[in-house]
Each structure stands twice: as C-alpha cells, then as structure tokens.
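What follows is one structure encoded as structure tokens, with my remarks underneath.
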Amino acid sequence: MNNNNNLNDQCNGVSVGIGTTGNCNLNCEHCYSKPLRGNTLTYDEIISLIEGKNITSINYGTGENILNPDFMKVVTYCYEHNIKQSLTSNGYSIMAITEEQLRMFNDIDISLEFTDESKQNSFRHGDSWNFVDKSIEKCRKADVEFSIATALMNINYKQIPSLLQKVNKEGCNLRLNVFKKVPKAGITKFSLTYDEFWEAVKLLFEYGELISCSEPVVNAMLDIPPIVHKSPCGLSSLRIHPDGCVVPCVYWPGSDLLIKDLKESFAPCFDSEAFSTIRIIPKYCLDNCEKVDVCGGGCAARRFLNGDINIPDEYCPIYLKKELPEIKVTHAKDRKDLVHSSYLCTFIFMGK
C-alpha cells in the first residue's frame, strides 16, 4: 500500500491546514464543509498540535475562522513563533480583524467564483461581493499579498478570462482549486468533464501566466517542473478538521486519527490508514507511464472520491488513450512565496 520510503522524514517540515471552526456566515452551494458546522477547536487543542513541531506553514480554511473566538489568539501565537500563515476567507474574517492583525499573515486568499455581482451573491447566498470588494481594499491598504481563490467548476470555468482580468485590475493572483465531488456533503454536480478540464487549463495559459501548479496531471502532461512531486496531500501536508479529525486532504471524508493523537509528533499521521491510502499509486501508472514520478497517478483525493483510488486521474489523457493536450506554458517572471503553492492540488496564476 505504501509507495514512498522514509515517510516519517516528512514530519520534519509539514504544511498544516487547520479549520478552527466549521461555522460560516454564508451558505455556498459547493461547500464541502457543511457537515462540520457546529464544530470548533479550542486554543489549547490547536496549540497542542503546533507546539514543538517543525511546521513550515499553516493555512486556516474550512469555515470562517473569525467565528472561532480563539482564532486571533492562535494567529498571534504562531506569528510570535515565526510560523508562516495564510488565511482563506470569503472576506468576513478579513473585515473583522485590524490591519495590524492582517499583517501577521504571509498571504490571504479571498473566495470569488463569478465576476458578476448577482451571480456571486446568488451562488453564495449572501452579500459575498461586498465582502470580497472590501477585503481586497483592506489587503491592498495593509500591503499584504493576496489572491482571489476560485473553485473551478462546470458552471464557471468559462469565467477564467474575466477572472484573470479582475486580478490584473486588482493587482493580485488567481488561485484555482478544481471542484471535487464530496458525497458526504451531498455536493457532486459541479464536476468538470475531461474536455472542460483541459479547456480550462488552456484558457488559463492563454490569458494568464503561471506562478505555480501543484495539479500533478497538469505538471506531467505539460512538462512543468513540480514544486512537490505527485500530490502533496499526505506527503508534505495534512489537515485538521474542526471536529478534531486529522486527514491528508481537506476533502478526505474522515479518519480514525484525532488531534489528541499528535501531541508528541506528526508521525502517527503518516503511518495511519488514511495517509497510507492517499499515497497509493495506481498499478496502471507504475506499469505504463514514464511520467509517474511527477504525477503519481494524479490528484489522489479526486481518485478516492470518485470511488477507486487505484484508477488513474479522470483527467489523464494517457490512461484514457487521448491525444496529449497542446498548450503553450508561460511562466510569470517573478516568483512568489505563497503558502498554497505546495500545500494542495491547485493552480496559481497572474493575468497577462
């Protein structure tokens, strides 16, 4: 089951995602974390996880973290201990903290799926557009690096040109996560087809320049040197759900491992069943693909959520015996130190 050697060495420098709460001020249609609402971690629980560990970075996501009354106390502790931090927010948390507190973060991600105000507010069932606008203004005023974070779905992938125009206008980055089916949350209808996925990638390179890519199948097919080989989830990163459950990927449905099991070290994570499962590389890839060291079978969570982690990524042209995509890769000139670059399967672009 385990296809990687010396995995406990990964405990020396781990990127950690923490959902300090599952609660949120909005009710977005694509939200994977709705089953976690009502759960909130305490300050003591979070510090027991962090204290004495070699953590390269922390990203706060899942719910709107400011709804955890201990959130800024945790952020201050990490800042004082020189831990690089990022925050993913619909804007509500950003608006609730001071500019001085905002500067404790290395970078900020602000969620936006549509460049049309009415579509955005309708999709997120609230005043999302206003939160985004005010958060952008606040990040710019505080001189904090920020990105627009977009869930890439079958209903918005054609928005890529206008999203890249927006980030150009705002002077920020565009980060995109490919939507994953989350049956536990009852969310399955927004998945991209094979053709839609590769059309989206083509649009990204047509209208944007690459800052970083950690989508394994894209790195492999377009010969992009990866920051982290294979899928980073369960190799160099882990997630803590607001119920205390420890998982290799934020989309992973659960595990038997709890935050209390990690007081001494992160080693129990990488030895657990969930983390061993996410590191499985399909036999087809091992036997048939020269790009396997880069791709590792593609996004492992996507494969698992699709029903069989032993089947290669649904967007792999080699497995599906399709022509390789012909897409010219253009890289941004300036490299950026962004937490999400090596944290999960994601794209980060800037507009041309």
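None of the figures in this text is laboratory data; all of them are computed from the coordinates on show. Just so it is clear, the model here is predicted, and its values are computed rather than measured. We place every Cβ from the backbone using ideal geometry, glycine too, and count neighbours over all the protein chains shown.
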In segment 242-294, which GluC sites (Glu not before Pro) fall in coil by DSSP and have 10 or fewer other Cβ atoms within 10 Å?
264, 290
Taking 0.36 nm per residue of sequence separation and subtracting the Cα-Cα distance, how much length would be gained by fully extending the chain between residue 352 and residue 243, in nm to one decimal?
35.1 nm
Could you tell me which GluC sites (Glu not before Pro) in segment 42-76 are loop residues by DSSP with no more than 15 other beta carbons within 10 angstrom of their beta carbon?
51
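Let me have the relative contact order for the chain, percent, based on Cα pairs under 8 Å that are six or more residues apart.
On the way: 732 pairs, mean separation 75.6, N = 352.
Reported relative contact order: 21 percent.
Of the listed pairs 73/134; 138/263; 73/180; 141/189, which have alpha-carbon separations greater than 29 Å here?
138/263; 73/180; 141/189
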Nearest-0.05 FRET efficiency for residue 335 and residue 29 at R0 = 35 Å, using Cβ-Cβ distance, is 0.50
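Percent of Cα-Cα pairs more than 18 Å apart in segment 236-288, please.
Considering segment 236-288, 33 percent of its Cα-Cα pairs are separated by more than 18 Å.
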Can you give the convex hull volume of the alpha carbon atoms of segment 133-225 per residue, in Å³?
127 Å³
Along its three principal axes, how long is the chain when you only count alpha carbons? Whole Å, largest extent first please.
52, 46, 39
Counting each DSSP H run of 4 or more residues in the chain as -39500 (n - 2.57), what helix-only mean residue ellipticity at 222 nm follows after dividing by all residues, to the nearest 500 deg cm²/dmol?
-8000 deg cm²/dmol
Which pairs break 18 Å Cα to Cα here: 34/84; 169/328; 202/230; 202/328; 202/322?
34/84; 169/328; 202/230
Percent of beta bridges antiparallel (DSSP, the chain, rounded to nearest 5):
30 percent
Can you give me the Rg/Rh ratio for segment 198-352, using Cα atoms for both radii and the Kirkwood formula for Rh?
0.99
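How high is the FRET efficiency from residue 271 to residue 306, r the C-beta distance, R0 22 Å, rounded to 0.05?
Numbers: r = 26 Å, r/R0 = 1.16.
So the FRET efficiency works out to roughly 0.30.
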